[in-house]
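Report on one structure; see the data block that follows.
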Amino acid sequence: MIIKRKRELQPEVYTSSLNDIMFFLLLFFLIVSTLVNPSVIQLMLPKASANIQQMSKQTINLSITSDLHYYLNDKPITLDQIQPAIQQMVANTADATIILRADRSIQLQDLVTILDIGRKLHVKMILATQKE
């Protein structure tokens, strides 16, 4: 006499803890993404052999794209508005530094124009480069 089981065992996957894991991963990535502050303007920076520079307390990002669009702290700005905006930003700070992120395909005169604005305002300017 052969005895058969009435029910066969079905494989089960318990997914009740999967919701908790996904929630913690989502929370972790949201917190980490707010800590990272990359500049969202994509530029092809010039290359340099050394990329070590001490930063001051207040930094201002000035980006120049290949088609000569200017961004001051990731906000679009025209060339005529750069000097008054920087002057207003550094008015209360003695130790301000402008990080100049210029695309490597722009003309030298366009870069010198921005450097001249920094010279007039007596602000330290650093040209951002890519490490080779």
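Computed from the coordinates by the stated procedures, all read-outs in this text should not be read as laboratory data. Worth saying up front: this structure is predicted, and the values here are computed from it rather than measured. Every residue, glycine among them, receives a Cβ derived from its backbone with ideal geometry; neighbour counts consider all protein chains shown.
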TODO: Rounded to whole Hz and in sequence order, give me ³J(HN,Hα) for segment 65-81 from the Karplus expression 6.51 cos²θ - 1.76 cosθ + 1.60, θ = phi - 60°, writing x for Gly and Pro.
DONE: 7, 5, 9, 6, 9, 9, 9, 10, 6, 6, 10, x, 8, 8, 4, 5, 8
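How large, in Å, is segment 55-132 by the Kirkwood hydrodynamic radius built from its alpha-carbon pairs?
Values: mean 1/r = 0.0788 Å⁻¹.
Kirkwood hydrodynamic radius for segment 55-132: 12.7 Å.
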Open item on the list: Testing the spin-label approximation: label points 7 Å from Cα along Cα→Cβ at H122 and S105. State their distance in nm.
Closed with: 3.9 nm
TODO: Give the Debye-formula value of log10 I(q)/I(0) at each listed q (0.20, 0.21 Å⁻¹), with one equal scatterer per alpha carbon of the chain, two decimals each.
DONE: -1.21, -1.30
Task: Among S63, S16, S33, residue whose mean-square fluctuation peaks in a GNM of the chain (springs only between Cα atoms under 10 Å) - done: S16
TODO: Using only Cα atoms, tell me the angle between helix 18-35 and the longest principal axis of the chain; keep it within 0 to 90° and round to the nearest 10.
DONE: 10 degrees
- [ ] Just tell me which aspartates and glutamates come within less than 18 Å, Cα to Cα, of K47; anything on the same chain fewer than 8 places away is out.
- [x] D103, E132
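Residue separation times 0.36 nm, minus the C-alpha to C-alpha distance between K75 and M44: what's the value?
Details: separation 31, 0.36 × 31 = 11.16 nm, distance 1.87 nm.
The K75-M44 span can extend by a further 9.3 nm.
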TODO: Place the peptides 21-32, 116-127, 74-85 in order of packing, highest mean first, counting for every residue the other Cβ atoms within 10 Å and averaging per peptide.
DONE: 116-127, 74-85, 21-32
Task: Relative contact order (percent, whole number), segment 47-131, Cα cutoff 8 Å, 6+ residue spacing - done: 37 percent
